[in-house]
1. For Thr134, indicate whether it is within 15 Å of ligand 1 (Cβ to nearest atom) and surrounded by fewer than 17 Cβ atoms within 10 Å (Cβ to Cβ).
2. Need the failing condition index for Ala245 against (1) in contact (Cβ under 8 Å) with a residue 40 or more places away in the chain; (2) part of a helix (DSSP H, G or I); (3) more than 16 Å from ligand 1 (Cβ to nearest atom); (4) in contact with a strand residue (DSSP E or B) (Cβ under 6 Å, 6 or more places away or on another chain), just the number.
3. Check the stretch 27-36 and report whether any residue there is within 16 Å of ligand 1 (Cβ to nearest atom) and either touching a Leu at 6+ places or on another chain (Cβ under 8 Å) or hydrophobic (A, V, I, L, M, F, W, C) (or both).
4. Specify the residue that is nearest to ligand 1 (Cβ to nearest atom); the eligible residues are those in the stretch 160-183 that are basic (Lys, Arg) and assigned to a loop (DSSP other than H, G, I, E, B).
5. Which pairs do you get when a residue that is over 13 Å from Gln157 (Cα atoms), found in the stretch 103-118, comes within reach of a residue that is assigned to a helix (DSSP H, G or I) and near ligand 1 (Cβ under 10 Å from one of its atoms), reach meaning Cβ atoms under 7 angstrom, with the pair 6+ apart or on two chains?
6. Going by what's in this entry, would Pro107 be described as at pLDDT below 95 and loosely packed, with under 15 Cβ neighbours inside 10 Å?
7. Scan (1) within 20 Å of Ile9 (Cα to Cα); (2) loosely packed, with under 15 Cβ neighbours inside 10 Å for the single condition Pro56 breaks and write down its number.
Amino acid sequence: MPIKADCHIHSHHSGDSDAPMRAQIESALSAGLSALCFTEHYDPVFPYENIPELAPGTFDLDLAAYRDEFLSLQEEYRGRIRLHFGVELGLQPHIARELERWTAAAPDPEFIIGSVHVLDGRDPYYPEVFAGRTDQEVFRSYFEEVLACVKAFHSFQSMGHLDYIVRYGQSGRDALYRPADYLDVADEILKILIEHGIALEINTAPLSKGCRECNPASLIVRRYKELGGERITVGSDAHAPGKIAQYFKTAEQMLLSCGFRYYCVFDHKEPSMLPLTE
Ligand SMILES: [Zn+2]
Ligand SMILES: [Zn+2]
């Protein structure tokens, strides 16, 4: 089967999206999906002081309001599409204890993506993080930050957009990105994910931004498989309805070429394996 589950999308409950939840669901139905997992942003600590463009609290999450709207839509759409209640949690090594407390106190998100959105106190969406450094130096620094995060915190189900930083390289986004140059650190990250049963996410969003590959690059996906990883989730990271399930055929072909025959959807933190097209 083609990939029928988009497990990384946002709605107006995320600070950087205006999309109504209903519009996202309708878009998923139009795309022929059988499952959709909302993964609203929650970055409990964010360096707003360094980013004047962002209002403080942009990446907070009103979990109760999100849950209420989700449950009502889940009921309304029952039998037409399976809806899952997830969170994209912003990881930073120095807040691991806070993240543990939050995940223990908020048991109802059934799928948590762990994502690194901050490097050196900056959001790499803005170019300051690259000031005075080559793209390659910043890429390596990001991999090392991801490693520090996964060493400190494991209470999540899928590793979001592992090489996210390459979307923002200053010399043509990922033009200077050679994944093999970072495999020493990537291997350490992947081994920790596998040890803790954490899935690797294939995030298709960079393809619509002019990047050559999904996050992470196929070389890293292949390494995950070689090291024994079996759990793959796939997400468009859609912040607007037109982007749901975008480039899923490309993701599927890449996964097959890396030796995967299944992807998975998490239902109350348990993975269900679904077949990819042979
Ligand atoms: Zn993200
Ligand atoms: Zn996202």
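The values are calculated or read from the model by the stated rules, or taken from the named source; none is laboratory data. Here the structure is a predicted model, which means the values were calculated and not measured. Cβ placement follows ideal geometry from the backbone for every residue including glycine, while neighbour counts extend to all protein chains displayed.
1. Numbers: within 15 Å of ligand 1 (Cβ to nearest atom): no; surrounded by fewer than 17 Cβ atoms within 10 Å (Cβ to Cβ): yes.
No, not satisfied.
2. (2)
3. Within the stretch 27-36, none of the residues are within 16 Å of ligand 1 (Cβ to nearest atom) and either touching a Leu at 6+ places or on another chain (Cβ under 8 Å) or hydrophobic (A, V, I, L, M, F, W, C) (or both).
4. Here is the first cut: in the stretch 160-183, the residues basic (Lys, Arg) are 167, 173, 178.
Filter again for assigned to a loop (DSSP other than H, G, I, E, B), leaving 173, 178.
Values: Arg173: 16, Arg178: 23 Å.
Filtering first and then ranking leaves Arg173.
5. Short answer, once both residue conditions are applied: Val116/Tyr164.
6. On the way: at pLDDT below 95: yes; loosely packed, with under 15 Cβ neighbours inside 10 Å: yes.
When the stated conditions are applied, Pro107 passes them.
7. So the condition that Pro56 fails would be (1).
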